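**Student:** First the structure, then my questions, so here it is.
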Amino acid sequence: MVHKKIIRISTAGSVDNGKSTLIGRLFYDSKKIYKDQLNEINYKKNGENTINLAHLTDGLKEEREKGITIDVAYRYFSTPKLKFILADTPGHKEYTRNMVTGASTADVIIILIDAEEGLSEQTKRHTIIAALLNIKHFLICVNKMDLLNFKENVFIRIVHEYQQFLKELNIEKKVQFIPISALLGENILSISNKMKWYKGRSLFDCLENIDTEENVKKEAFLFPVQTVIREENTDIKSTRYAGQIAAGVINKGQQVRHFPSRELLKVQHIFNYSNSLPCAYAPMSISLQLKSQFQLKRGDLLVATNATIKSEQLITVRICWFNEDTLKLNNDYIIKHTANEISGIVTTIINKINIDTMKANLDDHTIRMNDVATIEIQLSKEIFATKYIENKQLGSLILINPMNNETVAAGMIL
């Protein structure tokens, strides 16, 4: 069985910059639309059949009526080389929390800029959030080039403006710029004949050539146990530990360290579904059988013997607040980290981040919906974690209100 590389993509940008249309175009031109979906997006305009590509991702009725994206819409498709998971995120400021949710697991962010409008405040805001989320690959698509006769100077002006913005905020990212028309499909699947001055790749070509596994072999193996699988009427040796590899590579026969016990254990077998594998690597979902009577439980951690894992009980976290109620100091919250759920209290609000300037406000300690803040959390027991910048799985958590089980915030461990 060939394991295809998975590319996780998030779209971003201001409202009406064409994010949903772009994703619809990508699916439509690559013939990845089911017949019932195609029937749903066809409609009559001036007596002629036409399609509304944005409706492929605008899944909620309320979104279609208002013509905006509110929720995060996920779509999946594959090519002979790759699997894609696409998250179409909302553009409105009041749905910033949804944008954070959709972008939090992305390898690549596609930021759309309206060629007529140029850089908007929301485009800048989404760029900053993507930088805070440590997304590695930025694809900046200057959309609606057809409305400006595909002029090169328009594209050059916006590229310069965006580069200056990154420089001012001291954000260092490898960025690729692509002039497109999502509506007409120019520079999406193939290079456009209408912009012969553009010497780069099409959007689809850029996505297929992004290396999201460039550091996998260099990273230490990290494996949070999500599920314990025990065969009935058999001994402990048949137990498997299932989960998704958070980083690195694991080989059959390799020695690993278990947390919280810090015991050394040996991997006897690696399984992907029912297949036995000689090795596996991030982000594959696998199960491991260990050559040991030692019993693990959900939420435990297996790591390479050279991995640096810290036990923490007082953690500094950057959060995006999701809830209509404000954050309360010294209130109990459930902290979910990997598969563990433990209690904790917010002891300190260190600052609130101005998401338009990336400046920290030390005086405003009222954290409302969509605010980004830095806080300290005292946990009821230690967790084994990394910084978010080092590993997203082990460096992220969510806060849950124990009174109603609502998720109130997502956090990145600093």
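The values are calculated or read from the model by the stated rules, or taken from the named source; none is laboratory data. Here the structure is a predicted model, which means the values were calculated and not measured. Reconstructed Cβ throughout: ideal geometry from the backbone, glycine too, with neighbour counts over all protein chains shown. We work out accessible area using only protein heavy atoms, side chains counted, and drop any ligands, DNA or RNA first. Shrake-Rupley method; radii C 1.70, N 1.55, O 1.52, S 1.80 Å.
**Student:** Every residue in the stretch 211-236 that is β-branched (Val, Ile, Thr), assigned to a loop (DSSP other than H, G, I, E, B) and either in contact with a Cys (Cβ under 6 Å, 6 or more places away or on another chain) or at pLDDT 90 or above (or both), please. Let's see the steps before the verdict.
**Tutor:** Residues of the stretch 211-236 β-branched (Val, Ile, Thr): 212, 216, 225, 227-229, 234, 236.
The next check asks that each one be assigned to a loop (DSSP other than H, G, I, E, B); those that pass are 212, 225, 234.
Answer for the stretch 211-236, where residues must be β-branched (Val, Ile, Thr), assigned to a loop (DSSP other than H, G, I, E, B) and either in contact with a Cys (Cβ under 6 Å, 6 or more places away or on another chain) or at pLDDT 90 or above (or both): just Val225.
**Student:** Collect the residues in the stretch 125-146 that are open to solvent by 10 Å² or more (accessible area, probe 1.4 Å), of a type in the set (A, V, I, L, M, F, W, C) and either touching a strand residue (DSSP E or B) at 6+ places or on another chain (Cβ under 8 Å) or on the phi > 0 side of the Ramachandran plot (or both), keeping them in residue-number order.
**Tutor:** Just the residues of the stretch 125-146 that are open to solvent by 10 Å² or more (accessible area, probe 1.4 Å), to begin with: 125, 131-132, 134, 136-137, 144, 146.
This time we only want the ones that are of a type in the set (A, V, I, L, M, F, W, C), so: 131-132.
Correct list: Leu132 only.
**Student:** Also, I was wondering about something else. What is the residue count in the stretch 371-396 for residues that are closer than 16 Å to Ala103 by Cα and open to solvent by less than 30 Å² (accessible area, probe 1.4 Å)?
**Tutor:** 4
**Student:** Within the set of pairs 6 or more residues apart or between chains, which connect a residue that is on the phi > 0 side of the Ramachandran plot inside the stretch 178-194 to a residue that is of a type outside the set (Lys, Arg) and open to solvent by 10 Å² or more (accessible area, probe 1.4 Å) with Cβ atoms less than 6 Å apart?
**Tutor:** Cβ pairs passing all conditions: Gly185/Asp29.
**Student:** Among all residue pairs at least 6 apart or on different chains, which show Cβ distances below 9 Å where the first residue, located in the stretch 152-177, is within 13 Å of Ala115 (Cα to Cα) and outside any helix (DSSP H, G or I) and the second is open to solvent by less than 30 Å² (accessible area, probe 1.4 Å) and aliphatic (A, V, I, L, M)?
**Tutor:** Note: pairs meeting the criteria are Phe177/Leu139; Phe177/Ile140; Phe177/Val142; Phe177/Ile158; Phe177/Val159.
**Student:** On the basis of being at pLDDT below 95 and under 26 Å from the mean Cα position of the chain (by Cα), does Ile335 make the cut?
**Tutor:** Details: at pLDDT below 95: no; under 26 Å from the mean Cα position of the chain (by Cα): yes.
No: the conditions fail for Ile335.
**Student:** Same structure, new question: Considering each residue of the stretch 329-340, count those that are without any contact (Cβ under 8 Å) to a residue 60 or more places away in the chain and outside any strand (DSSP E or B), and give that number. Talk me through it step by step, then tell me what you get.
**Tutor:** Taking the stretch 329-340 and keeping what is without any contact (Cβ under 8 Å) to a residue 60 or more places away in the chain, we get 329-331, 340.
This time we only want the ones that are outside any strand (DSSP E or B), so: 329-331.
Selection size over the stretch 329-340: 3.
**Student:** Something else: What is the number of the single condition among (1) assigned to a loop (DSSP other than H, G, I, E, B); (2) touching a residue at least 60 places away in the same chain (Cβ under 8 Å); (3) under 18 Å from Gly18 (Cβ atoms) that Cys141 does not meet?
**Tutor:** (1)
**Student:** When you scan the stretch 260-284, how many residues do you find that are hydroxyl-bearing (Ser, Thr, Tyr) and either under 20 Å from Lys218 (Cα atoms) or open to solvent by less than 40 Å² (accessible area, probe 1.4 Å) (or both)? Break it down into steps so the answer makes sense when it comes.
**Tutor:** At the first step, the residues of the stretch 260-284 found to be hydroxyl-bearing (Ser, Thr, Tyr) are 261, 273-274, 276, 281.
If we keep only those that are either under 20 Å from Lys218 (Cα atoms) or open to solvent by less than 40 Å² (accessible area, probe 1.4 Å) (or both) too, we end up with 281.
Here the count works out to 1.
Listed here are the residues, each with its yes/no results for (1) small (Gly, Ala, Ser); (2) buried (at least 18 other Cβ atoms within 10 Å of the Cβ); (3) in a loop (DSSP other than H, G, I, E, B).
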| residue | (1), (2), (3) |
| --- | --- |
| Ile286 | no, yes, no |
| Leu296 | no, yes, yes |
| Leu302 | no, yes, no |
| Ser311 | yes, no, no |
| Leu327 | no, yes, yes |
| Ile342 | no, no, no |
| Val346 | no, yes, no |
| Thr357 | no, no, yes |
| Thr366 | no, no, yes |
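**Student:** Give me the pairs, please: first residue somewhere in the stretch 399-414 and in contact (Cβ under 8 Å) with a residue 12 or more places away in the chain and outside any strand (DSSP E or B), second residue anywhere and among the basic types (Lys, Arg) and open to solvent by less than 60 Å² (accessible area, probe 1.4 Å), beta-carbon distance under 8 Å, and either six or more positions apart or on two chains.
**Tutor:** Leu414/Arg318
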